[in-house]
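> Here it is, the structure, as structure tokens.
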Amino acid sequence: MKDFMTGNHAVANAVKLCRTPFIAAYPITPQTAIYEKLSEWEASGLLKGIMMRTESEHSAMAACIAASLTGVRTFTATSSQGLALMHEMLHFAAGCRAPVVMANVNRLLAAPWGFWADQLDSLSQRDTGWIQFYCENGQEALDTVIQAYRMAEQVYLPVMISLEAFFVSHFMEVVDLPEQKQVDRFLPPIDLSHKFDIDKPGFLVPVVSSELYRKYKHMAQGSMDSVKKVAVSVDQEFKKEFGRGYGIVEVVMLEDAEIVLVTAGSITSTARMVVKDLRKQGHKIGLLKIRLFRPFPVEAARDALRGKTRVAIIDRNISLGSGGIFCQELRAALIHSPDHPLTYSYIAGVGGTDVTPEVIQKIAFDALSRKEPMDAPIWIME
């Protein structure tokens, strides 16, 4: 069934379709509409289970961890300062191997204060042990939430689905809503091997020796290493059931590309149009979309860029003192590439500023004109 809805409401629909029995809610702009829709369904009886109103985002994540460890699916959503407040509990969720699923609506971090799109809130949490996806539109956000439960419950790691403020969260578009029976087929009942059992009581999160702590982290790294293969498999199964698939990266017109634009999130949609237009003008431009950020799809990105000489990474974020964060990760992924392509870091869209077709075209032409390496980021101030 197709319906006209925002990205936020697409996420809410996915949560309902997954029959999520525990939702911890604390509102913050611009993700509040997710909870409003879920609350509306709760009041009407359409949403089964418990929707717990908490006093902070920190408490919301704590509640999700506790509920998850009883063996039920859990969900929460946040943004910006709320995600920053959760920071401590994000480590607990990953450390407890709780398959919590969370939507984060990317919004700039203060100060100064603002409400617009910027990916730094989620990217600043990249080392907490969460799987991270970045969605281009509402349809992808809905589908990724459904996929996220399937992945999280295989690898016992939490998943964060990021969609940009307003460009995705509030933009209305036609979204294909799966049938409930399809989702039920794709997403079997949860069965956690390490859930609380009153007949076999145990103690969670004890104080451990340094050697045991290292062992836990080593096991978590092994699980994170498996995520790329699991994500590809889940996406392929999703495509068989629903007719849509995304991969962990996506390549567009890369075969003969002299310049490759690399994007994540909503900028990708604009970049698609620019690539088509520039191709018509005779310019060999290609596009690489990064969907899975953590773990970073090193092998997939390296394979996609094999034989390429110049790469322009467009980041809606900035790691002060370094540059764009997707650029940092991609450069690290390519360090052992025999091609050693020149990689250029373009900072565009920080703070929610528009990244128009003209801006992306300017980036493409600037990258075409460069012949020498450049470490410093290039700010697009339009």
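> Do we find a residue being under 24 Å from T20 (Cα atoms), aliphatic (A, V, I, L, M), in contact with a strand residue (DSSP E or B) (Cβ under 9 Å, 6 or more places away or on another chain) and crowded, with 24+ Cβ neighbours inside 10 Å anywhere in the range 119-140?
Within the range 119-140 (the criterion being under 24 Å from T20 (Cα atoms), aliphatic (A, V, I, L, M), in contact with a strand residue (DSSP E or B) (Cβ under 9 Å, 6 or more places away or on another chain) and crowded, with 24+ Cβ neighbours inside 10 Å), the answer is yes, since at least one residue qualifies.
> Would you check which residues across the range 193-240 are surrounded by 10 or more Cβ atoms within 10 Å (Cβ to Cβ) and either of a type in the set (G, A, S) or in contact with a helix residue (DSSP H, G or I) (Cβ under 6 Å, 6 or more places away or on another chain) (or both) and list them?
The answer is A220, G222, S223, S226, V227, V230, A231, S233, V234, F238.
> Can I ask one more? Only residues that are among the polar types (S, T, N, Q) and without any contact (Cβ under 8 Å) to a residue 40 or more places away in the chain: list them for the range 166-203, please.
S193 - this is the single residue of the range 166-203 that is among the polar types (S, T, N, Q) and without any contact (Cβ under 8 Å) to a residue 40 or more places away in the chain.
> Given the criteria out of contact with any strand residue (DSSP E or B) (no Cβ under 6 Å at 6 or more places or on another chain) and either on the phi > 0 side of the Ramachandran plot or at pLDDT 95 or above (or both), does A62 qualify?
In short, yes.
> If you don't mind, there's one more thing I want to ask. So, of the residues in the range 12-26 that are touching a strand residue (DSSP E or B) at 6+ places or on another chain (Cβ under 9 Å) and of a type outside the set (G, A, S), which turns out to be surrounded by the fewest Cβ atoms within 10 Å (Cβ to Cβ)?
Ranking the qualifying residues of the range 12-26, first place goes to P21.
> Would you check if A110 is crowded, with 23+ Cβ neighbours inside 10 Å, of a type in the set (A, V, I, L, M), over 17 Å from the mean Cα position of the chain (by Cα) and in a loop (DSSP other than H, G, I, E, B)?
No, not satisfied.
> Looking at the range 354-367 only, could you name the residues that are under 26 Å from the mean Cα position of the chain (by Cα) and touching a residue at least 60 places away in the same chain (Cβ under 8 Å)?
The answer is V355, T356, P357, I360, Q361, I363, A364.
> Another question, then. Take the range 315-344 and flag every residue that is closer than 22 Å to I360 by Cβ, of a type in the set (D, E, K, R) and at pLDDT below 95.
Answer for the range 315-344, where residues must be closer than 22 Å to I360 by Cβ, of a type in the set (D, E, K, R) and at pLDDT below 95: there is none.
> Working only within the range 95-127, note down all residues that are more than 18 Å from N8 (Cα to Cα) and among the charged types (D, E, K, R).
R97, R126, D127
> So, one more: Residues that are without any contact (Cβ under 8 Å) to a residue 40 or more places away in the chain and of a type in the set (D, E, K, R): find the helices (runs of 4 or more DSSP H) completely inside the range 7-102 holding 2 or more of those.
Qualifying helices (runs of 4 or more DSSP H): 32-44.
> Which pairs turn up if I take residues in the range 110-121 that are within 14 Å of A84 (Cα to Cα) and free of Cβ contacts under 8 Å to residues at least 60 places away in the same chain and look for partners that are of a type in the set (S, T, Y) and surrounded by 15 or more Cβ atoms within 10 Å (Cβ to Cβ) with beta carbon separation below 6 Å, at least 6 apart in sequence or on another chain?
Pairs that qualify, where the first residue is within 14 Å of A84 (Cα to Cα) and free of Cβ contacts under 8 Å to residues at least 60 places away in the same chain and the partner is of a type in the set (S, T, Y) and surrounded by 15 or more Cβ atoms within 10 Å (Cβ to Cβ), are D121/S80.
> Restricting attention to the range 122-155, which residues are under 17 Å from M89 (Cβ atoms) and touching a residue at least 40 places away in the same chain (Cβ under 8 Å)?
S122, S124, Q125, R126, T128, G129, W130, I131, Q132, A152
The values are calculated or read from the model by the stated rules, or taken from the named source; none is laboratory data. From a predicted model like this one, the values you see are computed outputs, not experimental measurements. As a convention, Cβ positions derive from the backbone with ideal geometry for all residues, glycine included, and neighbour counts pool all protein chains shown.
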